[in-house]
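Enquirer: Structure below; questions to follow.
The values are calculated or read from the model by the stated rules, or taken from the named source; none is laboratory data. Keep in mind the model is a prediction, meaning the values are calculated, not measured. Here the Cβ positions follow ideal geometry from the backbone for every residue, glycine too, while neighbour counts run over all protein chains shown. All accessible areas refer to the heavy atoms of the entire protein, side chains included, with ligands and DNA or RNA removed. Shrake-Rupley method; radii C 1.70, N 1.55, O 1.52, S 1.80 Å.
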Amino acid sequence: IHFCNNWAQYSILAWLPTFYKDELGMELHEAAQLALLPALAGIAVSFVAAPLADNLVERGVGVTRVRKLMQSVAFAAPAACMLACLLRGEESPHLVTWLLPLGIGFQAFSLAGLYCNHQDISPKYASILSGATHLVASLPGVFGVPFTGWLLDHTGSWSFSLFVPCLFFYLTGIGVYAKWGSAEQVDFNLKS
């Protein structure tokens, strides 16, 4: 799940200024300024996601259900925004300018989803679990960003090289986490 989350995060953030410049015809300084919008949107979204998750738990909704809901929003909202960009982007480039960063900002719901899950699973070993998932989740930065460039070089299509892989990982992430995600504690202590 963490891998799926970071594929889009790293790919979009790395390629967003170039996408704005090459695909939407913006000047580089404008594209660089607009590339700050996902982070700003993420900050704003985090002020909603965390209290919402806490409120749901306080009202008796199970922690696993809350984590799955928050992570589903973290993947489904950006996927929907990307899909809208794919379908309407050519006729409305300004829509892409704002919708894409807003969608990526919705990934902040992961703060109440996958990022809390390590602590849910094992408070004692949460740091080790977090380190392990971060190790795997760093791979999209190593492979996903250059893979996006390779696809772009070979297809000439931003839609196919940037959006389609991100959509694949968002949708895969939703399915995998919905099926196997859990906030149930696991006892990692060895029994003798």
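Enquirer: In square angstrom, rounded to the nearest 10, how much accessible surface does residue 68 have for a 1.4 Å probe?
Expert: 50 Å²
Enquirer: If you average the alpha carbon positions of segment 92-138 and of segment 1-72, how far apart do those two centres end up, in angstrom?
Expert: That distance is 8 Å.
Enquirer: If you consider only alpha-carbon coordinates, what radius of gyration and Dmax does segment 87-181 have, in Å?
Expert: 16.4, 52
Enquirer: Further question on the same structure: When a/c is below 1.5 the answer is rounded, else prolate if a/b is larger than b/c, else oblate, so apply that to segment 69-126 with a ≥ b ≥ c taken from the square roots of the Cα gyration tensor eigenvalues.
Expert: Prolate, since a/c reaches 1.5 and a/b exceeds b/c.
Enquirer: Place a point 7 Å from Cα of residue 52 in the direction of its Cβ. Which residues in segment 92-120 have their backbone N less than 16 Å from it?
Expert: 102-116
Enquirer: Could you pull out the GluC sites (Glu not before Pro) across segment 10-78 that fall in loop regions by DSSP (anything but H, G, I, E, B) with no more than 12 other Cβ atoms inside 10 Å?
Expert: When the GluC sites (Glu not before Pro) of segment 10-78 are filtered for loop state and at most 12 Cβ neighbours within 10 Å, 27 remain.
Enquirer: Here's something else I'd like to know. Cross-link partners among lysines for residue 191, C-alpha distance below 28 Å, same-chain residues fewer than 8 apart left out?
Expert: Correct list for residue 191: 124.
Enquirer: Normalised by the number of residues in the chain, what is the relative contact order in percent for Cα pairs under 8 Å and 6+ residues apart?
Expert: Relative contact order comes out at 36 percent.
Enquirer: Ignoring everything except DSSP H segments at least 4 long, calculate the 222 nm mean residue ellipticity for the chain; use -39,500 (n - 2.57) per segment, divide by total residues, nearest 500.
Expert: Only helices count here, giving -24000 deg cm²/dmol.
Enquirer: In Å, what Kirkwood hydrodynamic radius results for segment 99-140 from the alpha-carbon pair distances?
Expert: After inverting the mean inverse Cα-Cα distance, the result is 11.4 Å.
Enquirer: On to the next question. For labels at residue 164 and residue 126 in the simple 7 Å Cα→Cβ model, what's the distance in nm?
Expert: Calculated label separation equals 4.1 nm.
Enquirer: Only four residue types carry charge here, +1 at the Cβ of Lys and Arg and -1 at the Cβ of Asp and Glu. Report the dipole size of the chain about the Cα centre in Debye, rounded to the nearest 20.
Expert: My answer is approximately 700 debye.
Enquirer: Put 148, 18 in order of accessible area, largest first, 1.4 Å probe: what do you get?
Expert: Descending accessible area places them as 18, 148.
Enquirer: Along the charge dipole of the chain, Cβ charges K/R +1 and D/E -1, which of 64, 26, 36 sits furthest on the positive end?
Expert: 64
Enquirer: Sticking with this structure for a sec: Could you report the accessible area of residue 147 in Å², rounded to 10, computed with a 1.4 Å probe on the protein chains as they sit in the structure?
Expert: Its heavy atoms expose roughly 80 Å² to the probe.
Enquirer: Can you list the aspartates and glutamates whose alpha carbon sits under 17 Å from that of residue 68, skipping same-chain ones fewer than 8 residues off?
Expert: Residue 68 reaches 54, 58, 120, 184.
Enquirer: When the chain is fully extended, how far beyond the present Cα-Cα distance does residue 147 get from residue 27, taking 0.36 nm per residue of separation?
Expert: 40.7 nm
Enquirer: Rounded, prolate or oblate, given the Cα gyration tensor of the chain, with a/c below 1.5 counting as rounded?
Expert: Since a/c reaches 1.5 and a/b is larger than b/c, the shape of the chain is classed as prolate.
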